[in-house]
Amino acid sequence: MENNPAETTPAKKQSEPIWVSVLPEEFRDFLNEVGEIVRFVMRFFREVFMPPYELKEIFHQSYEIGYRSLPLVALTAFIIGLVLTLQSRPTLARFGAESWLPAMVGISIIREIGPVIVALVCAGKIGSSIGAELGSMKVTEQIDAMEVSGTNPFKYIVVSRIISTTFMIPILVIMGDAVALIGSFIAVKLTSAISITLFFNQVFESTDFSDFIPAFVKTFFFGFAIGLVGCYKGYNSKKGTEGVGESANSSVVIASLLVFIIDLIAVQITQFFGYL
Amino acid sequence: MNIETIKNIRLGFFVLTGTALLILALYFIGSNSNLFSKTFKLYAKFETVNGLKKGNNVRYGGIDVGIIKNIEIVNDTTIRVEMSVEADLKKVIRNNSAATIGTDGLMGNKLINISAGTAEAGLIKDGEELESLASLNTDEMLRTLDKTNRNILVISANLRDITQKITDSRGTLYTVLMDTTIAEGLRHTLGNIDVVSNNILQISDDINDVVSEAKNGKGLLGTLVKDTVMAEDLSKAVKEVRTAGEQINTSAGELKVILEKVNNGGGTLSTLINDTTSANSLKRSLINIDASAKKLPDLMEALKHNFLFKGYFKKQEKKK
Amino acid sequence: METISRTNTEALPKYGESIIEISSLCKSFGDNYVLNQFNLTVRRGENVVVLGKSGCGKSVLIKCVVGLLKYEEGSLQVFGKEINSLKQKELDEMRARIGFVFQSSALYDSMTVRQNLEFALRRHGKGKTKQEVDQLVEEMLDNVSLANAINLMPSELSGGMRKRIGLARSLILKPELMLYDEPTTGLDPITAEEISNMMLAMQHKYNTSSIIISHDMHCARLTANRLAVMIDGINYAEGTFEELSKMNDPKVNAFFKKQ
């Protein structure tokens with residue numbers, strides 16, 4: 001049983017295979033990093049199902065990650081809904097299709113804007129906080145201290161956080177969607193008389209399960225990616241305060257990038273399966 | 001309250017709100033695509049579905065009442081569409097209701113329209129098949145329109161040819177239509193006929209008088225009775241007068257028929273275009289009438305000069 | 001001071017069985033061998049101070065003892081069991097008998113002092129009632145004279161207080177063996193002495209053995225029954241404070257120069 005894979009070195013020095021020694025050093029480092037990430041993910045899946053379950057910590061993290069991110073997510077989503085509607089109106093008006101505004105904005109928000117904006121905001125807020133928190137825990141030996149106290153730090157710190165992000169981001173996205181639609185409704189209301197019933201009727205009339213389900217499913221992957229990157233970077237943080245900053249920073253950058261990559265893959269998969 | 005409890009309450013509120021919103025969204029979208037209402041299945045077979053897809057709407061009387069559940073190819077020319085329709089519609093859709101594939105708006109999604117059946121047909125049951133009507137295909141419509149256009153083009157070309165021919169050939173119709181002299185000639189002839197018939201009337205009166213005087217034995221009756229030569233002459237003259245009158249009568253009858261036909265138009269016109277014989281006969285009739293009319297004064301003159309009637313005519317002149 | 005050392009050295013037989021036996025221990029990071037054929041034995045009731053320059057691998061030694069790091073060669077037996085061959089469960093059971101005081105105190109930032117102390121009881125202290133736990137926490141805080149800090153967050157504590165809370169936390173399971181990683185580093189001399197005295201007091205109160213990693217000679221003199229000088233990954237010299245201070249070796253003398 002490994003306790004600290006990042007610091008475990010092979011018992012005997014092995015001579016490098018020829019094909020490895022030929023590779024440039026940067027590429028070797030990159031491969032090494034990829035290997036570490038794969039092991040990290042495997043370890044997560046191994047430990048997530050093995051008891052004991054740190055339920056209390058999962059709830060605590062869910063509160064920190066989910067509930068505490070709500071104001072930021074809601075504000076961002078509201079502004080995006082409002083601005084998107086105001087910006088789309090002139091173009092639609094040019095084609096005399098202003099009545100399509102709720103449907104168009106609704107589909108944009110539910111399919112793409114809502115999940116991605118919320119995920120990016122969370123990548124910034126949650127990714128950095130996890131990266132920094134775990135980084136400082138690592139640097140100040142809190143992770144070691146946990147291990148010595150008979151608690152599996154990977155399970156207590158990493159698994160609980162990744163589970164929390166995986167399940168909280170979708171909820172935040174749903175709430176963000178709702179708030180963005182309200183923002184959109186206010187923007188439509190500013191320029192034309194429309195009842196909230198008619199607005200939501202128009203939104204949902206043009207929305208299909210094939211719009212909603214893939215968009216919703218991919219948010220779980222967003223959440224998983226954000227949690228995973230934050231934890232990986234923090235857990236493997238380098239010594240020193242500089243390492244903490246670097247962990248936080250690279251968590252945000254990589255998590256944001258991953259959100260877009262997952263989004264791209266999700267689009268391809270959705271199209272491949274013919275909208276389910 | 002314990003800070004931990006407060007956090008848990010907030011977390012619970014957060015998660016429940018999110019879940020509620022999720023369920024709400026699923027319900028709204030689902031109710032839009034008929035997932036949660038009671039439905040029954042209907043089928044319809046088409047030769048082509050024009051790009052109809054799973055999930056497209058089914059409409060009855062313009063209302064969305066269901067969705068397309070499945071589309072399968074039965075064989076090379078038959079595609080079976082499975083529809084899931086709201087259960088309420090069982091009370092409305094009849095056995096002879098028909099399904100057509102239509103379009104939502106000009107560019108919108110394809111959909112199936114179910115038309116109302118007639119009251120005498122029974123209500124449809126779950127899993128039954130609807131009649132299908134070949135869909136109104138815009139392509140086909142345009143093709144038909146194209147054909148119609150070409151036909152109209154041909155017709156209008158023919159018409160132009162006909163009118164051209166009428167003008168160019170100066171045939172009877174053109175003459176009838178355009179020449180004023182014929183009309184005047186006709187009027188003139190009719191005027192003549194009128195005069196002639198008046199004359200005939202007078203002559204026959206005169207003859208009547210002569211005959212009655214002869215019966216009464218006045219004047220030259222004796223001579224008349226005895227002289228057979230004279231009697232023959234007289235009867236011959238009377239016969240000639242009658243023949244002439246009959247001829248005039250016939251001509252007038254013919255003329256009348258023709259004029260009636262001309263007046264009524266219709267069939268006569270076409271006859272006039274194609275048939276020159278009637279025109280000829282018209283012409284001949286006019287000539288005959290003219291000739292008869294010219295003969296009559298001669299005949300009258302001959303009668304006057306006949307000695308048997310000399311006295312009578314003198315008497316007539318004296319009376320005047 | 002001398003009396004303590006001498007007494008301890010003379011009374012060597014009174015120490016119990018050896019609870020840590022390290023022989024030919026090797027540990028490397030990359031090509032850098034921080035432990036190279038290291039030998040050390042700790043007996044029950046004994047305080048051993050390991051002296052060494054910063055970054056020479058002293059911390060690695062005690063991290064190997066609790067299984068935080070895996071050694072590559074040699075043997076490391078704690079309570080008669082080879083650490084590297086222990087299963088996770090056995091390792092956890094053994095760790096419950098060891099208290100570890102980290103260099104940076106390693107207090108959990110997101111928890112209050114009370115939660116920090118209770119943390120180790122989550123697993124090892126199962127079956128204890130809330131009352132017992134509260135009592136234990138209070139007792140430990142009393143030991144380090146910080147009973148009033150129970151609801152503070154670690155960020156509200158000074159460095160010395162953190163050290164003391166760290167000490168209290170590692171003692172809560174009443175371990176048989178204490179491992180101190182530079183307990184007095186970064187503290188002013190007065191606080192350092194307070195901590196040193198506290199360590200001694202705890203040893204007497206709970207009858208623990210300890211390995212103390214340090215380069216603070218004052219602390220070493222106060223707490224050590226025996227000293228080991230680690231140079232280049234080996235146990236270069238071993239003996240009481242007095243013995244070592246009188247040694248004629250320049251490398252060893254370098255540590256005692258300040259005295």
Inset, instruction - Taking the options B:298, B:290, name whichever one is among the charged types (D, E, K, R) and either closer than 12 Å to residue B:193 by Cα or modelled with pLDDT under 70 (or both). - result: B:290
Inset, instruction - Give segment A:29-69 a look and list any residue that's in contact with a Leu (Cβ under 7 Å, 6 or more places away or on another chain) and not in a helix (DSSP H, G or I), or say none. - result: A:66
Legend entry - Subset of segment B:104-120 [modelled with pLDDT of 80 or more and surrounded by 10 or more Cβ atoms within 10 Å (Cβ to Cβ)]: B:110, B:111, B:112, B:113, B:114, B:115, B:116, B:117
Legend entry - One residue from A:176, A:183, A:124 being of a type outside the set (A, V, I, L, M), away from every other protein chain (no Cβ under 11 Å) and crowded, with 20+ Cβ neighbours inside 10 Å: A:183
Inset, instruction - Being in contact with a Leu (Cβ under 6 Å, 6 or more places away or on another chain) and buried (at least 20 other Cβ atoms within 10 Å of the Cβ) is the filter here, so list the residues in segment A:82-104 that pass it. - result: A:101
Legend entry - Some residue of segment C:42-59 being closer than 22 Å to residue C:181 by Cβ, in contact with a Cys (Cβ under 9 Å, 6 or more places away or on another chain) and within 14 Å of chain A (Cβ to nearest Cβ): no
Legend entry - Residue check, residue C:254 free of Cβ contacts under 8 Å to residues at least 12 places away in the same chain and under 21 Å from residue C:185 (Cα atoms): yes
Inset, instruction - Answer yes or no as to whether residue C:181 is among the charged types (D, E, K, R), closer than 27 Å to residue C:17 by Cβ and in contact with a Ser or Thr (Cβ under 9 Å, 6 or more places away or on another chain). - result: yes
Inset, instruction - Give the number of residues within segment C:186-222 that are under 16 Å from the mean Cα position of the chain (by Cα) and under 30 Å from residue C:28 (Cβ atoms). - result: 11
Legend entry - Failed criterion for residue C:186 (all others in (1) at the interface with another protein chain (Cβ under 10 Å from one of its Cβ atoms); (2) over 27 Å from residue C:17 (Cα atoms); (3) modelled with pLDDT under 85 hold): (1)
Inset, instruction - Check whether at least one residue in segment C:27-40 is closer than 20 Å to residue C:175 by Cβ and either surrounded by fewer than 21 Cβ atoms within 10 Å (Cβ to Cβ) or at pLDDT 85 or above (or both), and report yes or no. - result: yes
Legend entry - Candidates A:171, A:196, A:109, filtered to the one that is within 20 Å of residue B:27 (Cα to Cα), free of Cβ contacts under 8 Å to residues at least 40 places away in the same chain, among the aliphatic types (A, V, I, L, M) and within 14 Å of chain B (Cβ to nearest Cβ): A:196
Legend entry - Unmet requirement for residue A:24, which otherwise passes all of (1) modelled with pLDDT of 80 or more; (2) surrounded by 10 or more Cβ atoms within 10 Å (Cβ to Cβ): (2)
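Do we have residue A:48 as of a type in the set (A, V, I, L, M, F, W, C), closer than 24 Å to residue A:124 by Cβ and under 20 Å from the mean Cα position of the chain (by Cα) here?
No: the conditions fail for residue A:48.
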Legend entry - Residue that is nearest to residue C:196 (Cα to Cα) [pool: residues in segment C:100-124 that are without any contact (Cβ under 8 Å) to a residue 12 or more places away in the chain and more than 7 Å from chain A (Cβ to nearest Cβ)]: C:115
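Let's see how each residue does on (1) under 19 Å from the mean Cα position of the chain (by Cα); (2) at positive phi; (3) within 10 Å of chain A (Cβ to nearest Cβ):
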residue: C:92; (1), (2), (3): yes, no, yes
residue: C:95; (1), (2), (3): yes, no, yes
residue: C:131; (1), (2), (3): no, no, no
residue: C:151; (1), (2), (3): no, no, no
residue: C:154; (1), (2), (3): no, no, yes
residue: C:166; (1), (2), (3): yes, no, yes
Legend entry - Extreme residue, surrounded by the fewest Cβ atoms within 10 Å (Cβ to Cβ), among residues of segment C:66-90 that are in a loop (DSSP other than H, G, I, E, B) and on the phi > 0 side of the Ramachandran plot: C:80
Inset, instruction - Return the total of residues in segment B:24-43 being modelled with pLDDT of 80 or more and more than 10 Å from every other protein chain (Cβ to nearest Cβ). - result: 5
Inset, instruction - Examine segment C:139-160 for a residue that is surrounded by fewer than 20 Cβ atoms within 10 Å (Cβ to Cβ), out of contact with any strand residue (DSSP E or B) (no Cβ under 8 Å at 6 or more places or on another chain), among the hydrophobic types (A, V, I, L, M, F, W, C) and assigned to a helix (DSSP H, G or I), and state whether such a residue exists. - result: yes
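The values are calculated or read from the model by the stated rules, or taken from the named source; none is laboratory data. These numbers come from a predicted model, not from an experiment. Virtual Cβ from ideal backbone geometry, glycine too; neighbours counted across all protein chains shown.
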